[in-house]
Amino acid sequence: MALKQITIAGGGLAGLSLGVALRQRNIPVQIMEAAAYPRHRVCGEFISGIQEHELKALGIDDLFIPAARHRETAWFDGACPMFRATLPETAYGLSRHHLDAALAERFTITGGELQTSTRFTGDAEVEGIVLASGRPQRVSEWLGMKAHFEDLALTADLEIHLGNHAYVGLTKVEHDRVNVSGLFHRTSPVSGGQQALAQAVQDSGLTELSDRLRNAHMDASSLKGVNRFHLGWQSHRDSAVRIGDAAAMIPPFTGNGMTMALQSALAAAEPLTRWSQGACSWHDTQFAIRQTQSQLFSSRLRWARALQELLLQPLGRRLCAYAINHRWVSFDTLYRTVR
Ligand SMILES: Cc1cc2nc3c(=O)[nH]c(=O)nc-3n(C[C@H](O)[C@H](O)[C@H](O)COP(=O)(O)OP(=O)(O)OC[C@H]3O[C@@H](n4cnc5c(N)ncnc54)[C@H](O)[C@@H]3O)c2cc1C
C-alpha cells in the first residue's frame, strides 16, 4: 500500500521534531524551511516540562545530551530579590542554534526531504499539509530580544528579572554560554546596535542587570529581536493543521513554549501516520490533532496569561513574592499550572 506524503511548512522545533517522529514511522515527509541552519532564534532556550519519555517517543532524546541541566531559580523585582526556589524537575538549557541544526540533520539522516531557503506559499488547507511556521506575523505591542553572553556569572540556574512592563530571563545553555532573553512592552522605540538588549533592559528599570550585561561579552551574531507575534491561541478562519507557535504561543516567562512545540508535534504524529496509511480521513486527522492540543494546552495558556498580567504589575509582584515566601502558595503549584 502506497503511503501518502506529509508536507510540513516550517522547520523550527515543531516542524523538525514532527518530521523526525514521522520518519521513525516510515512516513514520507517533506519539510520546507524559509531559512537555513544553524541560526540563532529569539528564544530563552530554557526548556521545562518536557518528559524523557516524550523525547524518546519523538526519537530525539539523545539530542539533549549536550544540554545544561537546571534545578535552581531566583526571581527579582527590579533589584530586590523576590524568592528562590528549586524546580520540581530538571529543566534543560540548549540553544536553538545547536538544537535546530541537530534536528535538521536527524531528519535528513532518517530519510526526510528538507528544502531550506524555501518558503511555503501554497494552500494550507490542502490534505497532507501541516503548518509549523511559528508565530503569526502580526505586529505586537511586545518586543522580544535575546543574545548569548560569555563571562556572565549567574546567581541561580535560571534568573528571572521583572521590571516595568518587561521581564528578562538568564540561563546557561551548552558550552557555558548564558542566554539572556526578554520581553519588553514597547512604550518607546528601542535603539538599534549591539547595546539594544542592554538598553531595553535599562529602559525597563533593571539598571543593575543592564550594567551586568554591559560588562560581559556578548556574541553579537546571536543578538536577535522580534516584534511580530501574538500570545495565546492563534485565531484562524481556515481549517489548516497547525502545530507549535502556529497553533498557540504561551508567554515566554513559563519556559514552556519549546515544550509545547515538541508536545504538539507528538500529538500530531499518530493521527498523521494513520492518514498517511489511508486509515482515516483528513477531516478526522485535523479534528484529532486540534482536540489533543486543546486538552493539553488550554489550561496552561489561561494560567500563563493570568500570571503574566500579575507579574507585570508592581503590586502583583509583591503579592506573588509574599504568597510564596509565606507559603500561602508553593512555587511547585504555580510551576505546574503552566505545564
Ligand atoms: C522573547 C522570547 C523568549 C522565549 N523564551 C523561551 C524559553 O525560554 N523557553 C521556551 O520553551 N520557549 C521560549 N520561547 C518560545 C519558543 O521560542 C517558541 O515557542 C518555539 O520557538 C516554537 O517553535 P516553532 O517550531 O513552533 O516555531 P519556530 O521556532 O518559530 O519555527 C518556525 C519556523 O518556520 C519557518 N517559517 C515561517 N514561515 C514559513 C513559510 N511560509 N515557509 C517555510 N518556513 C517558514 C521559520 O523560518 C522558522 O524556522 C520564547 C519566545 C520569545 C518570543
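Quick one: of Lys56/Lys172; Lys56/Lys224; Lys4/Lys146, which pairs are farther than 29 Å apart, Cα to Cα?
Going by Cα-Cα distance, Lys56/Lys224; Lys4/Lys146 fall outside the 29 Å limit.
Determine, from the Cβ-Cβ distance of Glu125 and Arg25 and an R0 of 25 Å, the FRET efficiency 1/(1 + (r/R0)^6), rounded to the nearest 0.05.
Here the calculated transfer efficiency is 0.55.
Roughly speaking, what is the centre-to-centre gap between region 28-47 and region 226-298 when only Cα atoms are used, to the nearest Å?
If you average the Cα positions of each part, the centres end up 17 Å apart.
Put a dot 7 Å past each Cα toward the Cβ at Glu105 and Ser235; how far apart are the dots in nm?
4.4
Find, among the trypsin sites (Lys or Arg not before Pro) in region 1-41, those assigned to loop by DSSP (not H, G, I, E, B) with at most 16 other beta-carbon atoms within 10 angstrom.
Lys4, Arg25, Arg39
Among Ala36, His53, Phe64, pick out the residue whose Cα is farthest towards the positive end of the charge dipole of region 29-80, where Lys and Arg carry +1 and Asp and Glu carry -1 on C-beta, about the Cα centre.
Selected residue: Ala36.
Taking the Cα centre of region 90-221 as origin and charging only Cβ (+1 Lys, Arg; -1 Asp, Glu), how large is the dipole, in debye to the nearest 20?
Roughly 240 debye, rounded to the nearest 20.
Percent antiparallel among DSSP beta bridges with both residues in the chain, to the nearest 5?
If we restrict to bridges inside the chain, about 70 percent are antiparallel.
Given charges of +1 on the Cβ of Lys and Arg and -1 on the Cβ of Asp and Glu, with all other atoms neutral, how large is the dipole of region 220-315 about its Cα centre, in debye to the nearest 20?
Computed about the Cα centre, the dipole is about 160 debye.
Give me the dipole magnitude in Debye, nearest 20, for the chain about the Cα centre, with unit charges on the beta carbon: positive for Lys and Arg, negative for Asp and Glu.
Roughly 600 debye for the chain.
Ordered by packing density, taken as the mean number of other Cβ atoms within 10 Å over each peptide's residues, highest first, how do 128-137, 149-158 rank?
With the highest mean Cβ count within 10 Å placed first, the list reads 128-137, 149-158.
With every protein chain present, what is the per residue accessible area of region 199-259 (1.4 Å probe, Å²)?
Value returned for region 199-259: 42 Å² of accessible area per residue.
If we sort 94-105, 265-276 on the protection proxy, mean other Cβ atoms within 10 Å, highest first, what's the order?
265-276, 94-105
Sorted by packing (mean other beta-carbon atoms within 10 Å per residue), highest first, where do 202-211, 7-16, 304-313 land?
7-16, 202-211, 304-313
What is the percent carbon and sulfur in the accessible area of the chain, measuring with a 1.4 Å probe over the protein chains and ignoring ligands?
Values: 7480 of 14840 Å².
Here carbon and sulfur together make up 50 percent of the probe-accessible area.
How much FRET efficiency would the formula 1/(1 + (r/R0)^6) give for Thr86 and His326, where r is the Cβ-Cβ distance and R0 is 25 Å, rounded to 0.05?
0.90
The values are calculated or read from the model by the stated rules, or taken from the named source; none is laboratory data. Because the structure is predicted, anything quoted here is derived from the model rather than measured. For neighbour counting, all protein chains shown are included, and Cβ atoms are generated from backbone atoms with ideal geometry for every residue, glycine included. When the accessible area is computed, the model is the full protein with side chains, heavy atoms only, and any ligands, DNA or RNA have been set aside. Shrake-Rupley method; radii C 1.70, N 1.55, O 1.52, S 1.80 Å.
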